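In what follows, a single structure is set out as structure tokens and then discussed.
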């Protein structure tokens, strides 16, 4: 491991060599041994990877080339899993070898900053689950469903290829670089690497993007619960259940998390079943049937209270519940898809793939498919999780590949499963559910007539079929239930009822799906509001120092109110939008998320350049360029397109002119007030797009400046500033991946032979 | 117990332990281990105090949850 030509020039910080403790076995597998192990291709290994490649190839052939009447869902599973395995085994190793160059002789923050609380060495497999639960939420369950309007193939290709070359790369690099910096956040790294301008732009962009993301997630919940007494009751019950769990954990049996999670889960199931019974009663139906505006206001008030309540009372217990459900649901969905193997009748490319006026989301395939599916392929939001929390728990440097890259592959698989669930339902039903009421008219008769009038091949829905589906899932209507969540719930109910329970259980499965999506989203809304509030407090604190005191109530409440007010305004705008809401706002969600990815990748680009790895800069530059081109093109079209359905300002101008002409209805807006709302909404959405894209261009430019500067320094033989924490020798060993290699096993055995007092020695307190 | 049943029980226990780890149920045990290993003079926090401290610190250090 002696010669590493690309090792960054160490700044004069007095970094000593990594002298290992002579009393201990080696803390890393010998480089030469690991290399030899890696390069040794036994016949069994060759056969295994050839089989994986072959199976993946056949699966892609079935999906992309064969044009039968139907395609079986199992091919989606094979195509994705085989591609992930190949990406993980080969591409992520290339990144490890050429870019990150982990060194297991170095202690991780969890070791040298160990405090038993925030910095704790965590078993890699447990941390994998932990990290996965933190990154995966409702996002990958929503985007692919909305994107299914274009057919299954564009979304599938982007989810699978995108994650291997972009999404997982981002997560891995951000996690690794944050780990090398003691678990610093993305914002702090941006400031350090890109300077004050780049750092400030990144901070403002992150704050705004969080507002948009929280608002649109909330919109998904509102759309799923509107006019649904069952859903309102069972999701509403999660609040008392979480409060009970919180009190139980604080006062009755502290720390019994598994126990309380099980109790919570049972109560949750009871709430779902109870919701069905309540919704059938006259009083229940009257009390819990709420319109979307009421639910939106409820959510805003809830969001404010939840964000100022102590964490132990609501946020922490619901987070346990949400994690518990997340893992259960995903295992269940995977099992169901593998067992049931539904036949998919949706075409690879739908009629809308080549048009820019799709009813579910407007805009052409490029760039809008790539922003509609953000989570699951490339999600900038992950950079906020991959920096900060997870890096403080990593045991060994090499494990970042498994946790960062591997964790994101897992989320991508969730997105694929969501896509399969969405396309397993009838296509006519899909469009009836996902087109705004402005198009479908809102009743089963008008919706059926509208869908049949679209001229889609093989699509023929009847009002009776729409009414029957609604009855099966225990809803009053399923027409124009936009936002993706209800479609996923119908798809999941459709698959699960073939697995367990039949039609009789369909309503249960539907509401089960709505419940877990709402649970994920409410947790994200709470946590997002809190994180954003602290960011705002710290930013204001630069001018008014009092705001930096997190325990100062007036400051905390004011900042919470500002954040809730901001996302609440966008939420209400979406709920009351005469054009339909989700179809105009969802592209903004994707653009925001991808712009955050561009910011994260910019920071990584600057760091990689400063480390001197110029030859392999393309590994970061390619996904960054793609994200930048996609989001800037999408923003450009949203701002400048002359097609009103696509361009916010074109729409704005059209409605302004209609108002000036004295018209009292225009397009789907049926009153002057609605027309005025469109003018207002499009202006806000348009200006938000402008602000996002300008801030991101500033960040990307600053990253390019930093990269060029690093290159000049490098060529001139000058050292680049290296913001990594000082290297300290590690005193522990653990394998890097899921399955330990023979050399790792040998070393582990050596460590296990150590006397206990030596083995548990931790580095943290010997300052 | 038949060997098959025993294997199922072991598997289930392992899964429960794993899930507990992911949820963070073992945080107090890890804290104690750290406290012991680091050789602090003062007695460790009790279980009740530890969990109180843990959630109270989260009040000012929120952990992000993704979409």
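Some values worked out for this structure:
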item: Yes/no for residue A:713 being under 30 Å from residue A:380 (Cβ atoms) and more than 34 Å from the chain's Cα centre (by Cα); result: yes
item: Filter pass, residue A:242 being surrounded by 17 or more Cβ atoms within 10 Å (Cβ to Cβ) and away from every other protein chain (no Cβ under 14 Å); result: no
item: Qualifying residue in region B:56-67 (condition: modelled with pLDDT of 90 or more and more than 7 Å from chain A (Cβ to nearest Cβ)); result: no
item: Residue match in region A:34-54 (condition: in contact (Cβ under 8 Å) with a residue 60 or more places away in the chain and under 29 Å from residue A:176 (Cα atoms)); result: yes
item: Helices (runs of 4 or more DSSP H) wholly inside region A:71-181 that include at least 2 residues being over 30 Å from residue A:481 (Cα atoms) and away from chain B (no Cβ under 14 Å); result: A:74-86, A:92-95, A:168-180
item: Candidates A:68, A:56 - the one that is closer than 24 Å to residue A:339 by Cα and outside any loop (DSSP other than H, G, I, E, B); result: A:56
item: Test: residue in region B:5-16 that is surrounded by 18 or more Cβ atoms within 10 Å (Cβ to Cβ) and at the interface with chain A (Cβ under 9 Å from one of its Cβ atoms); result: no
item: Unique match (being modelled with pLDDT of 95 or more, surrounded by 19 or more Cβ atoms within 10 Å (Cβ to Cβ) and either over 22 Å from residue A:329 (Cα atoms) or more than 14 Å from every other protein chain (Cβ to nearest Cβ) (or both)) among A:232, A:247; result: A:232
item: Members of region A:729-748 that are in contact with a helix residue (DSSP H, G or I) (Cβ under 8 Å, 6 or more places away or on another chain) and surrounded by fewer than 19 Cβ atoms within 10 Å (Cβ to Cβ); result: A:737, A:738, A:740, A:741, A:742, A:743
item: Qualifying residue in region B:34-48 (condition: in a helix (DSSP H, G or I), more than 7 Å from chain A (Cβ to nearest Cβ) and at pLDDT 90 or above); result: no
item: Which numbered condition residue A:420 misses (of (1) touching a strand residue (DSSP E or B) at 6+ places or on another chain (Cβ under 9 Å); (2) surrounded by fewer than 24 Cβ atoms within 10 Å (Cβ to Cβ); (3) part of a helix (DSSP H, G or I)); result: (2)
item: Scope region A:625-643; condition in contact (Cβ under 8 Å) with a residue 12 or more places away in the chain and either over 31 Å from the mean Cα position of the chain (by Cα) or surrounded by 19 or more Cβ atoms within 10 Å (Cβ to Cβ) (or both); matching residues; result: A:626, A:627, A:628, A:630, A:631, A:632, A:634, A:635, A:637, A:638
item: Filter result for residue A:300 (over 25 Å from residue B:20 (Cα atoms) and within 14 Å of chain B (Cβ to nearest Cβ)); result: no
item: Of all residues making up region A:346-359, the number that are assigned to a loop (DSSP other than H, G, I, E, B), within 24 Å of residue A:69 (Cα to Cα) and touching a residue at least 60 places away in the same chain (Cβ under 8 Å); result: 6
item: Extreme residue, surrounded by the fewest Cβ atoms within 10 Å (Cβ to Cβ), among residues of region A:551-584 that are under 24 Å from the mean Cα position of the chain (by Cα) and within 14 Å of chain B (Cβ to nearest Cβ); result: A:560
item: Matching option when the condition is within 14 Å of another protein chain (Cβ to nearest Cβ), buried (at least 16 other Cβ atoms within 10 Å of the Cβ) and at pLDDT 90 or above, among A:310, A:254, A:342; result: A:254
item: Complete set of residues in region A:54-87 that are under 28 Å from residue A:31 (Cα atoms) and surrounded by fewer than 19 Cβ atoms within 10 Å (Cβ to Cβ); result: A:85, A:86
item: Region A:288-307: number of residues that are free of Cβ contacts under 8 Å to residues at least 40 places away in the same chain and surrounded by 17 or more Cβ atoms within 10 Å (Cβ to Cβ); result: 0
item: When residues of region A:257-278 are limited to those that are buried (at least 20 other Cβ atoms within 10 Å of the Cβ) and more than 14 Å from every other protein chain (Cβ to nearest Cβ), the one farthest from residue B:48 (Cα to Cα); result: A:278
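The values are calculated or read from the model by the stated rules, or taken from the named source; none is laboratory data. Computed from a predicted structure; not experimentally measured. Cβ sites come from the backbone with ideal geometry, for glycine too, and all protein chains shown count toward neighbours.
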